[in-house]
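The values are calculated or read from the model by the stated rules, or taken from the named source; none is laboratory data. Everything numeric in this text was worked out from a predicted model, so none of it was measured. Glycine also receives a Cβ, built like all others from the backbone with ideal geometry; neighbour counts cover every protein chain displayed. Ligands, DNA and RNA are stripped out before the accessible areas are found, and what is left, the full protein with its side chains, is counted by its heavy atoms. Shrake-Rupley method; radii C 1.70, N 1.55, O 1.52, S 1.80 Å.
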Amino acid sequence: MIKNMLIICLVVIMFFVMMLKIANAIPKTYHVKSPSTLLETEVVTELTAKIRYPLTAAERDEIERVVMAEAGAEPYIGQMAVAQCILNACEQEDKRPLEIVRSFGYTAARPEPSDEVKKAVAKVFDDGETATDRKILYFYAPALCQSLWHESQTYVCTIGGHRFFEEAAK
């Protein structure tokens, strides 16, 4: 009798545990204002709500193309570092990525991004991963040009063919 009751209790507990897991697997829905147009409201899932810096489709495409042009031939961590420079500038300047790309003078080339570049941009903007804990904003490729201005900033690291910098203390 006790054995049967224990089995029934275990079955009931397992049923509730499974129901809880199923309920937690369904994303909750939030209504948020779109950052690109404050007049539109879009539905996003709980997963989207945890994105570090939400991008519109046009912004994501532009950033991926810029990172491809600037660092497509660099190692993955270098691609992340270039994306991180754009993200840090967006957060520091309180401007959207398209404004940052124009005002910071990124290359005009916009090649089709590789899957690796798309992953690097997603890791930085969506997941909040970074190539360095420092607030890098600037970079250049010494093999392609010389830049006394960049060198006047605070040097952080070299990744592949790029030197990365924080803003110099004022």
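Since only VAL67, VAL124, THR158 are under comparison, the one whose Cα sits farthest along the positive direction of the charge dipole of region 54-170, derived from C-beta charges on Lys, Arg, Asp and Glu, is THR158. When the surface is traced with a 1.4 Å probe over the full set of protein chains, SER114 keeps roughly 40 Å² accessible. Near GLU99: Cβ cut-off under 14 Å, other residues only, Lys/Arg at +1 and Asp/Glu at -1. The net charge is -2.
If a/c stays under 1.5 just call it rounded; otherwise compare a/b with b/c (prolate if a/b is bigger, oblate if not). Do that for region 68-170, with a ≥ b ≥ c from the square roots of the Cα gyration tensor eigenvalues.
rounded
With protein chains left intact and a 1.4 Å probe, residues in region 38-170 average 53 Å² of accessible area per residue.
Using a simple spin-label model with pseudo-atoms 7 Å out from Cα toward Cβ, ALA73 and ASN4 lie 7.8 nm apart.
Between GLU93 and ALA122, the simple spin-label model (points 7 angstrom out along Cα→Cβ) gives 2.7 nm.
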